[in-house]
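*Asks:* Right, I'll just put the structure down here and ask away after.
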Amino acid sequence: MIALLVARGFPRSVQPVDLSFDPSARFQLTCLQDAVSAANKDITAQIALGVGVEERIEANHPALRMAFVQSVRTRQRIVIDNVARLFDNHNWESALAFQTAMRKSTISVYCALHTTYLERLDPKTLRVLILDRLHQSRERQAVSEFRKMLQKQRVRAKTKVSAETPSQTKERLASYDDAFISLQIHKLCSDWIKADLSPPFTVRAIVDGLNEKGIQTQRGRPWTSPNLRKFLRTKRKASPENVLFEWIKLPDTQSAD
């Protein structure tokens, strides 16, 4: 398999050997080696997709084209640690165009993190992944613009001043937990639908499914019907159009499910 490394902050001409001391690249390569080894395959080539910190990856990126050409010539598949990396710094419209271009290609891109090929990844799950990645990109861009503004004003930012407060750290970690739990519930419902089970699914069934998978609450406790109902109601207030609420039977009362 052909290992594709996304080298954020490196020039387009970067070579895999140049990334040997970069912590992110080492982490990516370790993930890829584990995934390929689990599939009883070998990594026969490494291609580093260099891109600027604030630059987005286009379908015509030279390294991406090189990976595609090499994949066709050698009849080997491309493997990437996390396909969401490809959508950094996109907006929703360009992300959709990029996603369409990737899906229309005849090349199989395997995502080690989600243990499946891009063309087989559930569209709704992929949509959640892309939206989460776009949100992270916007946060990074906001920080970068703030630093540039300080530089223009010749204000020297101190490390302690720019660091997160404990409450901000708590909020950020809570948002990550929220996204992770939502994704797990989404995946659980998707798997049931693929197994020919018909929604809506009860809160009790989802509680059992999460606990069987070892997914805990944000406080590290097992799920119960009351705390899952509370979590889902909060989510529904924030995004009532979320497809999850077409799949889940969520009573408005506190009665048992």
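Just so it is clear, none of the values below were taken in a lab; they were calculated from the coordinates. Treat the numbers as computed from the prediction; the structure is a model and nothing was measured. Please note: Cβ atoms are built from the backbone with ideal geometry, for glycine as well, and neighbour counts cover all protein chains shown.
*Asks:* Under a plain spin-label model, where a point goes 7 Å from the Cα along Cα-to-Cβ, how far apart in nm are N91 and I43?
*Replies:* That separation, rounded to one decimal, is 3.6 nm.
*Asks:* Figure the gain on full extension for L197 and T234 (residue separation times 0.36 nm, minus the Cα-Cα span) and round it to one decimal in nm.
*Replies:* Working: separation 37, 0.36 × 37 = 13.32 nm, distance 2.59 nm.
Residue separation times 0.36 nm, minus the Cα-Cα distance, leaves 10.7 nm.
*Asks:* Of the candidates N40, N60, N91, which one comes out as most mobile in a Gaussian network treatment of the chain with C-alpha springs shorter than 10 Å?
*Replies:* Result for the chain, Cα springs under 10 Å: N40 fluctuates most.
*Asks:* Taking a ≥ b ≥ c as the square roots of the Cα gyration tensor eigenvalues, with a/c under 1.5 meaning rounded and otherwise prolate when a/b beats b/c, else oblate, which class fits segment 86-137?
*Replies:* Values: a/c = 1.93, a/b = 1.33, b/c = 1.45.
In terms of gyration-tensor shape, oblate.
*Asks:* Still on this structure, please answer the following. At a 10 angstrom cut-off on C-beta neighbours, averaged per residue, how do the peptides 44-52, 211-219, 174-182 rank from highest to lowest?
*Replies:* Values: 44-52: 18.8, 211-219: 11.9, 174-182: 14.9.
Ranking, from highest mean packing down: 44-52, 174-182, 211-219.
*Asks:* Could you pull the Cα extents of the chain along its three principal axes, largest to smallest, in whole Å?
*Replies:* Cα spread of the chain along its principal axes, largest to smallest: 61, 54, 32 Å.
*Asks:* Please give the calculated 222 nm ellipticity per residue for the chain, where each DSSP H segment of at least 4 residues contributes -39500 (n - 2.57) and the sum is spread over every residue; nearest 500 deg cm²/dmol?
*Replies:* Working: 9 runs with 133 residues, N = 257.
Result for the chain, helices only: -17000 deg cm²/dmol.
*Asks:* Computed FRET efficiency, Cβ-Cβ of R73 and S24, R0 25 Å: what is it to the nearest 0.05? Display every interim value, and only then the final one.
*Replies:* On the way: r = 28 Å, r/R0 = 1.13.
In this case the efficiency is close to 0.30.
*Asks:* For segment 1-64, what number results from the quotient of the Cα radius of gyration and 2.2 N^0.38 Å? Walk me through the numbers before you get to the answer.
*Replies:* Values: Rg = 12.0 Å, N = 64, 2.2 N^0.38 = 10.7 Å.
For segment 1-64, the normalised Cα radius of gyration comes out at 1.12.
*Asks:* Shifting gears a bit: Using only the Cα atoms of segment 2-124, build the gyration tensor, take square roots of its eigenvalues as a ≥ b ≥ c, and label the shape rounded, prolate or oblate: rounded if a/c is under 1.5, else prolate if a/b is larger than b/c, else oblate. Can you show the working numbers first?
*Replies:* Working: a/c = 1.40, a/b = 1.06, b/c = 1.32.
Verdict is rounded for segment 2-124.
*Asks:* Shifting gears a bit: Starting from 0.36 nm per residue, how many nanometres of slack lie between R103 and L131 once their C-alpha separation is accounted for? Could the numbers behind the result be given before it?
*Replies:* Working: separation 28, 0.36 × 28 = 10.08 nm, distance 1.76 nm.
Length gained between R103 and L131: 8.3 nm.
*Asks:* Given the options S175, V207, A39, identify the residue whose Cα lies farthest towards the positive end of the charge dipole of the chain (+1 on Cβ of Lys, Arg; -1 on Cβ of Asp, Glu).
*Replies:* S175
*Asks:* So what are the ³J(HN,Hα) numbers for segment 171-182, from phi and the Karplus equation (6.51, -1.76, 1.60; θ = phi - 60°), rounded to whole Hz, Gly and Pro as x?
*Replies:* 5, 5, 5, 5, 5, 5, 4, 4, 5, 5, 5, 4
*Asks:* Through the Karplus equation 6.51 cos²θ - 1.76 cosθ + 1.60, θ set to phi - 60°, convert the phi angles of segment 79-88 into ³J(HN,Hα) values in whole Hz; use x for Gly and Pro.
*Replies:* Here the 3J(HN,Hα) series is 10, 10, 5, 8, 5, 5, 4, 5, 9, 4 Hz.
*Asks:* Too long at a 32 Å Cα-Cα cut-off: which of K104/K194; K104/K152; K187/K237; K104/K148; K194/K230?
*Replies:* On the way: K104/K194 23 Å; K104/K152 44 Å; K187/K237 21 Å; K104/K148 39 Å; K194/K230 27 Å.
From K104/K194; K104/K152; K187/K237; K104/K148; K194/K230, over 32 Å: K104/K152; K104/K148.
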